[in-house]
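So the structure is just underneath, and the comments pick up after that.
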Amino acid sequence: MDGEHAARQLQAIAEVVGIAGEIGVQIWLRGGWAMDFYLGEITRDHRDVDWFAWAEDVPELAGKLMARGFEPMPGPPPDQQLDFGRGDVELSFALLAKDGDGRVVVGGGPWKGEPWPAGMLDAPPGWLNELQCPIISPAAQIEIKQMMPVWVPGMPRRDKDLEDIARLQAALR
């Protein structure tokens with residue numbers, strides 16, 4: 001495992017949590033880092049740091065990130081997800097919205113309005129060493145990892161996702 005890269009990613013996670021607190025917006029870790037914060041240990045190398053954020057909060061969040069040296073990167077449609085990089089640290093913010101019934105849904109892009117798993121944002125914060133961070137629920141993590149190849153036809157089922165699902169299911173037992 002590349003401990004120096006993980007340390008830079010953890011420093012960026014702490015920065016994002018600090019920025020969110022400073023400007024009063026909600027963010028949640030998703031993906032592999034969410035799993036690690038739930039389990040309380042680093043389980044593998046991570047290519048990037050994945051987040052969820054409310055679509056209406058992202059312009060202010062983006063401004064604060066860019067003021068700290070993060071630069072916008074190309075990626076999915078910008079009304080669906082915004083990606084930023086600084087050195088070898090990449091951050092991805094998938095945008096959330098609520099539908100007329102108050103359900104959490106995809107905030108934009110080709111799947112705008114599609115619901116995310118119920119209860120996804122209801123998990124207690126996760127911890128890794130001394131760092132606390134909001135995370136999506138482990139059940140939602142599992143559902144997203146299981147369903148992504150179904151929701152996005154042509155996306156391969158990755159070994160790391162199967163391993164993450166097994167770790168999360170074991171921890172929930």
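The values are calculated or read from the model by the stated rules, or taken from the named source; none is laboratory data. The shown structure was predicted, so the numbers you read here are calculated from the model rather than taken from an experiment. Here the Cβ positions follow ideal geometry from the backbone for every residue, glycine too, while neighbour counts run over all protein chains shown. The area values use the complete protein model at the heavy-atom level, side chains included, leaving out ligands, DNA and RNA. Shrake-Rupley method; radii C 1.70, N 1.55, O 1.52, S 1.80 Å.
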Fill in: Failed condition for W51, given (1) in contact with an Asp or Glu (Cβ under 9 Å, 6 or more places away or on another chain); (2) farther than 15 Å from N129 by Cβ
(1)
Item to complete: Considering each of M1, M35 in turn, give the residue that is out of contact with any strand residue (DSSP E or B) (no Cβ under 9 Å at 6 or more places or on another chain) and in contact (Cβ under 8 Å) with a residue 40 or more places away in the chain.
Response: M1
Worksheet item: Out of (1) among the aliphatic types (A, V, I, L, M); (2) over 19 Å from W54 (Cβ atoms); (3) open to solvent by less than 80 Å² (accessible area, probe 1.4 Å), what's the single condition that is false for V150?
Response: (3)
Response to the item:
Selection from segment 1-35 of residues of a type in the set (D, E, K, R) and touching a helix residue (DSSP H, G or I) at 6+ places or on another chain (Cβ under 9 Å) yields E15, E22, R30
Worksheet item: Conditions: (1) of a type in the set (A, V, I, L, M); (2) over 16 Å from V17 (Cα atoms); (3) within 15 Å of the chain's Cα centre (by Cα). M73 meets all but one. Number of the miss?
Response: (3)
Practice prompt. Kindly state which strands (runs of 3 or more DSSP E) lie completely within segment 1-106 and contain at least 1 residues that are open to solvent by less than 20 Å² (accessible area, probe 1.4 Å) and not charged (D, E, K, R).
Written response: 27-30, 49-54, 81-86, 89-98, 104-106
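Output the residues belonging to segment 122-146 that are within 25 Å of Q11 (Cβ to Cβ) and open to solvent by less than 30 Å² (accessible area, probe 1.4 Å).
Those that are within 25 Å of Q11 (Cβ to Cβ) and open to solvent by less than 30 Å² (accessible area, probe 1.4 Å): A123, G126, L128, C133, I135, I136, P138, Q141.
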Worksheet entry | The listed residue being under 21 Å from G75 (Cβ atoms), in contact (Cβ under 8 Å) with a residue 40 or more places away in the chain, of a type outside the set (V, I, T) and in contact with a helix residue (DSSP H, G or I) (Cβ under 6 Å, 6 or more places away or on another chain), out of G107, G126 | G107
Worksheet item: Has segment 12-23 got any residue that is farther than 22 Å from N129 by Cα and free of Cβ contacts under 8 Å to residues at least 24 places away in the same chain?
Response: no
